Amino acid sequence: MTHRVVQWTTGNVGKQSVAAIVAKPELELVGCYAWSPEKDGRDVGELCGLPPLGVQATADVDALLALRPDCVVYNPMWPSTDELVRILGSGINVVSTAAFINGRRLGAERERLVDACTRGGASLFGSGINPGFVELLGIVSAGICDRIDKVTINEAAYTMGYDSPETEKPAGFGRPIDDPELQKMTAQGTAVFGEAVALVADALGIELDEICCEAEYAQATEDLDLGSWQIAAGCVAGIAGAWRGRIGDRTLVELTFRWKKAPVLDPDWPIEDGHVIEIQGRPTVRTTLSFLPPPDFEAETLADFMVLGHVMTAMPAINAIPAVVAAAPGLVSYADIQLPLPRGIVRP
Ligand SMILES: NC(=O)c1ccc[n+]([C@@H]2O[C@H](COP(=O)([O-])OP(=O)(O)OC[C@H]3O[C@@H](n4cnc5c(N)ncnc54)[C@H](OP(=O)(O)O)[C@@H]3O)[C@@H](O)[C@H]2O)c1
């Protein structure tokens, strides 16, 4: 069965989504949204470093909805509830990497999304590498325990190659280390990780009393030139945050992240790149997610290597398309859909 797909934007992740849609026999690219005016009317293959695909990117949302695709692959820099309501209300499913897991942090906006899903008979699903796939790995890892005391998911990364000031500054990067607003900024700027904590709790079948964020900060010891922006000495260049899901005063689900924008910061937390999942229980299970480029991978710059991260962000959403199309209408997560399978990507 082939699913007809519209791609939403062709940025870092979107380019890899397009490559995967084109490569997978069960998906057909029928349209593409261009947020940038200069991409309007251009061939999507050309925009994504691929041969021409005969599909033009367009800023005309009505024309894209009129294509009646089975699914939109939603990879914009910022999600828009208005945009999502329009797509879902038209009966088109959405798989997103843009700050959505279950929408619990969205308040009234979430109700608008639920209404649109009901009206259109469509589903909205969010994933990515983290939040997203790493929580699925945690849920799967917990499947060999007969008792679970706590689930901890740790992400640690040098993020020098992740050049995204628009998404990093709201979390507190670049602010003076003693800025009193920092805790609030990090909680708002990383709120989708709170949704990921809720996803794990849903999968465990537990009701959390609260989900909260606490963070510590490390300052740059010298002025940092990050290419498209700078962080001055004495300003935040490292954030170590934890989203905790509690019942009473007991933490049941913990999602931590440690991001550093320079090798040496003050304080100088160690970084072991990757994701480590620990299920405390019987037995205690440790799962480590690390990755390497394949032997034929060509990369000369840090930006080239970042492509692997964009692939890992795109694929959990792409692989979920058949399960999301088949799902009952509504906001759906890994706790609701069939296990996505990595079909159609084994190369002969
Ligand atoms: N869950 C995860 O693991 C994970 C990991 C990484 C990223 N993400 C998320 O995935 C999404 C895509 O990331 P990315 O690195 O591919 O993003 P990006 O390249 O920075 O931006 C994606 C596209 O968004 C459009 N855009 C640019 N500025 C915009 C603005 N101010 N408002 C609305 N749209 C704008 C552009 O569309 P055009 O293509 O038309 O120019 C751009 O190419 C983001 O929401 C990001 O936070 C999730």
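Each reported figure results from applying straightforward, stated rules to the coordinates on display, with no laboratory input. Quantities reported herein were computed from a predicted structural model and do not represent experimental measurements. Here the Cβ positions follow ideal geometry from the backbone for every residue, glycine too, while neighbour counts run over all protein chains shown.
Below, the figures for the structure above:
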| quantity | calculated |
| --- | --- |
| Sites residue 118 and residue 271, calculated FRET efficiency, Cβ-Cβ separation with R0 41 Å, nearest 0.05 | 0.40 |
| For segment 130-297: relative contact order, % (alpha-carbon pairs under 8 angstrom, 6 or more apart) | 33 |
| Normalised contact order of the chain, rounded percent, pairs of Cα under 8 Å and 6 or more residues apart | 20 |
| Förster radius 51 Å - calculated FRET efficiency between residue 297 and residue 109 (Cβ-Cβ, nearest 0.05) | 0.80 |
| Selected from 174, 248, 143 as most flexible by GNM, with the chain as the system and alpha-carbon contacts under 10 Å | 248 |
| Near-label residues of segment 226-247 by backbone N, under 15 Å of a point 7 Å along Cα→Cβ of residue 306 | 226-231 |
| For the chain: lysine pairs under 22 Å (alpha-carbon distance), excluding those fewer than 8 apart on one chain | 7 |
| The chain: calculated mean residue ellipticity at 222 nm from DSSP helix runs of at least 4, using -39500 (n - 2.57) | -8500 deg cm²/dmol |
| Contour minus Cα-Cα distance for residue 229 and residue 158 (0.36 nm per residue) | 23.9 nm |
| Distance cut-off 14 Å, percentage of C-alpha pairs in segment 178-253 lying past it | 66 |
| Whole-Å distance, taken between Cα centres, linking segment 41-96 and segment 226-268 | 33 |
| Fraction of antiparallel bridges per DSSP, the chain only, in percent to nearest 5 | 55 |
| Mean Kyte hydropathy of 0.5 or more with a Cα span along the axis of at least 24 Å, helices from DSSP in the chain | 302-319 |
| Order of 78, 269, 259 under a 10 Å beta carbon neighbour criterion, fewest first | 78, 269, 259 |
| Protection proxy ranking, peptides 126-135, 190-199, average beta carbon neighbours within 10 Å, highest first | 126-135, 190-199 |
| Amide N of segment 183-221 lying under 14 Å from the label point, which is placed 7 angstrom from the Cα of residue 246 along Cα→Cβ | 208-215 |
| GluC sites (Glu not before Pro) within segment 264-316, DSSP loop, no more than 15 other Cβ atoms inside 10 Å | 272, 298, 300 |
| Segment 1-120, relative contact order in percent, only Cα pairs under 8 angstrom and at least six apart counted | 24 |
